[in-house]
Amino acid sequence: MIERRRFKQSHSLEERLRQETNRLRDEAKSLPRGPEREQLPRKARQAETGSHMSEWLTSPGKLRQKARTGLENATRFRDKAAEALQMADQVGNESRRETLQHIAKSYSSVAQGLEDIASSDAYSSGMRPPMCSGCGTIMKWSRSQLVKDGPTMRHVFLCVACGSSIETEADIERSR
């Protein structure tokens, strides 16, 4: 029987994929226009997606994770914004600094939106995500839409554990 050669990686898969993403994007910038240059950003996006998927799959409680409240998510995004600003202060490249500052601004905007939603009448009146009837996991909000027939909002929730979905409706009070 042939013995496999094994070695321990010094960096995590996510880290190696991020490095590959950066390398491919930098290489694409240095190439002249053409099919090879167009293919590199696509490969970079694939590596980036692979990194995100790996992080998600290896996260604790990946499938049965309880749904976070709007304020918990807002705090998480505020922390990410602060982290991006801190990274921007440490970067020497002006282009990367501007990108990180833009990311921080986006995170802050999302956090503000989540805080606004959490403090809205719908959530303060007790609207909570439903529990999946199939597996008992708290479902995750997917989208909401205004129902054409009246002042009603339709909410769609998805179960991250078993993939089922449910729609709920709630009357809303229109502002005058």
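Take the conditions open to solvent by 70 Å² or more (accessible area, probe 1.4 Å), farther than 30 Å from ASN22 by Cβ, modelled with pLDDT under 70 and of a type in the set (Gly, Ala, Ser) and apply them to SER175. Does it pass?
So SER175 fits the description; yes.
Residue by residue through region 126-139, note down the ones that are closer than 17 Å to LEU114 by Cβ and surrounded by fewer than 16 Cβ atoms within 10 Å (Cβ to Cβ).
Scanning region 126-139 gives MET127, ARG128.
The values are calculated or read from the model by the stated rules, or taken from the named source; none is laboratory data. Just so it is clear, the model here is predicted, and its values are computed rather than measured. Neighbour counts are summed over all protein chains in view; Cβ atoms, including those assigned to glycine, are modelled from backbone coordinates with ideal geometry. The accessibility values were calculated without ligands, DNA or RNA, using every heavy atom of the protein model including side chains. Shrake-Rupley method; radii C 1.70, N 1.55, O 1.52, S 1.80 Å.
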